[in-house]
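In what follows, a single structure is set out as structure tokens and then discussed.
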Amino acid sequence: MAATLTAQQPPNEASSSSAGPSSIPGSSAEVFKKLHPSQYLSRFLTKGYRPDGRKIKGWRDVSINVGSISTAHGSSLIRMGDTTMVCGIKAEVSEPTAQAPNEGYVVPNIDLPALCSPNFKPGPPGDEAQTYSNWLNDLIVSSSTLSPSSLVISPGKAVWVIYIDVVCINYDGNAFDAAVLAVMAALKNVRLPKAKYNEETTQTICSRTETYPLQLGRIALSCSFGIFSSTHLLPDPTSYETPLLPTTISIALDEDNEACLIRQEGLGGIQGKSGERVLGEAWNLAEERITELREILEESSL
Amino acid sequence: MATFDRRRIPAPEISIPPIYEPEAGPSTKTKRVDRSDDDESPIFLKTGLISQANGSGYIEAGGVKIACSVYGPRPKAPPYTPQGTLNLEVKFAPFASDPRRAPLRDTEPIHLSQLLTQSLIPLIKLDLLPKSSIDIFLLVLESESESSVENVLSNGLTVASAAIADAGIEMFGLGVGNVITSSQKTDNQDQNQDQDDDEEHKNNENKILLGSIPALGKITNITLKGQFDLNQAVDMIEKAFSESKDTHTILAQSLLEGAQERGIGAEEE
């Protein structure tokens, strides 16, 4: 009987555990994981592994899928381990501001809805989502990935507004890297209709048949790290590891491996290593990883 | 908007969706050809994709893509309630439809959330869950045309009950939603489970949205839209009910597959 299929799990099991359905309540490893997360993680690290089975310096698998949302001008779905992000880009027409008649608008926003993690509440974007939205805005504007001056239809009259909306579906840590990758994949996927501004009707009319891709500048990709108990530099932290990592480092590099964004938060470094060395180590790891990511990104946009 | 939204990256106050030039030839969007009128729309349904949630589901059907996650039963803040509480929120991704749904300006989800809650309450054994709450979140990633509210609701109901079952929460039965549309123009009973494009919407005026528990032979919700003869309405409800059994089979199948993938219930086989 299909309706009673799931009733095979005892009901009190679900109420006593708040973890995913894969957890086996009652097993001592699962209890230890919940009660002593820090020790749990450190035992894995002394053996050279992370709790999810990768090597200490390992990254999670990434897959990119573009163009799956037909209501957007460009879209992408990316998975980084279990973290899943959807980015949809929609273009609308607006008037430029009087101060900048030759500039369109780029409006990036990241949403981490209550759907994607038990830690988020429904309602307006939380602190984390707001922070990431601002980082993303900085990254796109400062590294001129998409320059507002390329979005003009008619100077002073009509410009494109590019709404970049990233929505997280499954939050398993490292949302910023995943979001940046999703945005870059979606930007490459955008096809805008050819638009003409009509002076008499003051209307912008778009062609149904002719489309063109966006003029993109530097494509920056980001890599994030966390430092565990001043000893281990952990790339690509999961949602389980994140609360245990007081220091985080994010590095975003462009095609020529030039930095677009470097950010370190938290006081802790690694004992016995200068901050410079730690950052250098992270940079080298990021360079390697970003080369890989770039290949996956190229493959996806073919 | 008079209030400035500090929580998001600011957008220009007014922006309009692109206006396209009129189509040259006759409209190419006419009748769908990929399936006949009596065929139900294909459904893709998968459970357990959102690892952070206790239960989850993803559905693609009738031009709608919805992800749903269920958290709970989790402890609820006081006051004490002898029954469990069901919280449900429907949210549209800003890029989910044409025109873009700007956050804050979009009021439709509130009403949809209420309707879906009403359809789900009869399914769940809330009396078994005192002091706890079940939180259900639906995220609409795509809904092709403006008037496909019924499709969002019916598929939302199906995917939500899949996710609740995936979370291992006890239910009376699996709930499914089905939409039947009949064309007024031709007056022939044109059984479409959904519409795929706008042209079809204009011809098809009468709609029935049926929420049901096929395993128990019970109906949880009926929404009618349009002008009906009584007989026609009864006909359509019956049609919808018979289609709901097929949807139920798909739903049960995907739950079974989802459970087997994770090795639950494998020893019973």
Test: residue in segment A:22-29 that is more than 27 Å from A:R289 (Cβ to Cβ), within 14 Å of chain B (Cβ to nearest Cβ), at pLDDT below 90 and in contact with a Ser or Thr (Cβ under 7 Å, 6 or more places away or on another chain): yes
Among residues of segment B:74-115, those that are among the polar types (S, T, N, Q) and in contact with a Ser or Thr (Cβ under 9 Å, 6 or more places away or on another chain), counted: 4
Filtered residues of segment A:117-138 (kept if surrounded by 16 or more Cβ atoms within 10 Å (Cβ to Cβ) and more than 20 Å from A:I89 (Cα to Cα)): A:S117, A:P118, A:F120, A:G126, A:E128
Number of the exception - A:T97 against (1) part of a loop (DSSP other than H, G, I, E, B); (2) in contact with a strand residue (DSSP E or B) (Cβ under 6 Å, 6 or more places away or on another chain); (3) at the interface with chain B (Cβ under 9 Å from one of its Cβ atoms): (2)
Residue within segment A:92-105 that is without any contact (Cβ under 8 Å) to a residue 60 or more places away in the chain and within 28 Å of B:E144 (Cβ to Cβ) present: yes
Condition broken by B:P82, with the remaining ones in (1) in contact with a strand residue (DSSP E or B) (Cβ under 9 Å, 6 or more places away or on another chain); (2) modelled with pLDDT of 85 or more satisfied: (1)
Filter result for the condition that a residue is at pLDDT 90 or above and touching a Leu at 6+ places or on another chain (Cβ under 7 Å), over A:L112, A:L146, A:L136: A:L146
Only one of A:S207, A:S144 that is under 24 Å from A:L253 (Cα atoms) and out of contact with any helix residue (DSSP H, G or I) (no Cβ under 7 Å at 6 or more places or on another chain): A:S144
Test result for B:L138, in contact with a Ser or Thr (Cβ under 6 Å, 6 or more places away or on another chain), buried (at least 18 other Cβ atoms within 10 Å of the Cβ) and either within 10 Å of another protein chain (Cβ to nearest Cβ) or assigned to a loop (DSSP other than H, G, I, E, B) (or both): no
Restricting segment A:262-302 to residues that are more than 20 Å from A:P246 (Cα to Cα) and at pLDDT below 90, the residue that is farthest from the chain's Cα centre (by Cα): A:L302
Members of segment A:225-245 found to be assigned to a loop (DSSP other than H, G, I, E, B) and under 15 Å from the mean Cα position of the chain (by Cα), listed by number: A:D236, A:P237, A:T238, A:S239
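When the residues of segment A:68-84 are narrowed to those that are out of contact with any Phe, Trp or Tyr (no Cβ under 9 Å at 6 or more places or on another chain) and more than 7 Å from every other protein chain (Cβ to nearest Cβ), which ends up modelled with the lowest pLDDT? Can you show your working first?
First pass over segment A:68-84, keeping only residues out of contact with any Phe, Trp or Tyr (no Cβ under 9 Å at 6 or more places or on another chain): A:68, A:70, A:74, A:76-79.
Filter once more, so that each one left must be more than 7 Å from every other protein chain (Cβ to nearest Cβ): A:68, A:74, A:76-79.
Values: A:S68: 90, A:G74: 94, A:S76: 95, A:L77: 95, A:I78: 95, A:R79: 94.
Result: A:S68.
Yes/no per residue for (1) more than 23 Å from A:M85 (Cβ to Cβ); (2) without any contact (Cβ under 8 Å) to a residue 40 or more places away in the chain; (3) at the interface with chain A (Cβ under 10 Å from one of its Cβ atoms):
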| position | (1), (2), (3) |
| --- | --- |
| B:G63 | no, no, yes |
| B:D98 | no, no, yes |
| B:Q114 | yes, yes, no |
| B:S119 | yes, no, no |
| B:S132 | yes, no, yes |
| B:S148 | yes, no, no |
| B:A163 | no, no, no |
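The values are calculated or read from the model by the stated rules, or taken from the named source; none is laboratory data. Given the structure is predicted, the values throughout are model-derived calculations rather than measurements. No Cβ is skipped: glycine too gets one built from the backbone with ideal geometry, and neighbour counts run over all protein chains shown.
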